[in-house]
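The values are calculated or read from the model by the stated rules, or taken from the named source; none is laboratory data. Values in this document were obtained by computation on a predicted structure and should not be read as measured data. Positions of Cβ are backbone-derived with ideal geometry, glycine not excepted, and every protein chain shown enters the neighbour counts.
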Amino acid sequence: MAAGTRGERIEAHERNPKWKNAPVRIEMSECINCDACLRHCPTQFGAIFNHGIDVIIIPELCSGCDKCLPACPVDCIYPDPEWEPASDDWWKNPLSANDPYS
């Protein structure tokens, strides 16, 4: 059974199976690193982070709500139905003191 709260999902590194939409991903070759998507990701999901100079979406935290899509000025965010779990390195961001959602 998947965890429900954002903190529980971070702890379990697990995506809620009730979410019908696929998570989204950022096409890094098109992204201009404006962080608009980060500011529009709902806090209960908190799936978008700065990772070095890149902006990333952790698929296990992304509900596929698409709130970030209209915020992106270059339309570089796409549905990712073939998503794979985030690398361990990406999980350091939501667990850090710099978490923009805590």
Every residue from region 39-50 that is assigned to a strand (DSSP E or B), in contact (Cβ under 8 Å) with a residue 24 or more places away in the chain and buried (at least 16 other Cβ atoms within 10 Å of the Cβ):
49
Run residue 58 past the list (1) β-branched (Val, Ile, Thr); (2) over 14 Å from the mean Cα position of the chain (by Cα); (3) at pLDDT 95 or above and report the number of the one that doesn't hold.
(2)
Would you mind finding the one in 80, 88 that is surrounded by fewer than 14 Cβ atoms within 10 Å (Cβ to Cβ), of a type outside the set (Lys, Arg) and more than 11 Å from the chain's Cα centre (by Cα)?
88
Looking at region 80-90, is at least one residue polar (S, T, N, Q) and out of contact with any Phe, Trp or Tyr (no Cβ under 9 Å at 6 or more places or on another chain)?
yes
Going through region 92-102 in order, the residues found to be surrounded by fewer than 17 Cβ atoms within 10 Å (Cβ to Cβ) and under 14 Å from the mean Cα position of the chain (by Cα) are 92, 95, 99, 100
Please determine, by comparing only the residues of region 61-77 that are surrounded by 23 or more Cβ atoms within 10 Å (Cβ to Cβ) and within 9 Å of the chain's Cα centre (by Cα), which one is nearest to residue 6 (Cα to Cα).
61
By residue number, the members of region 83-101 that are without any contact (Cβ under 8 Å) to a residue 40 or more places away in the chain and part of a loop (DSSP other than H, G, I, E, B) are 84, 87, 96, 97, 98
Kindly provide the set of residues from region 1-38 that are assigned to a loop (DSSP other than H, G, I, E, B), closer than 17 Å to residue 99 by Cβ and hydrophobic (A, V, I, L, M, F, W, C), ordered by number.
3
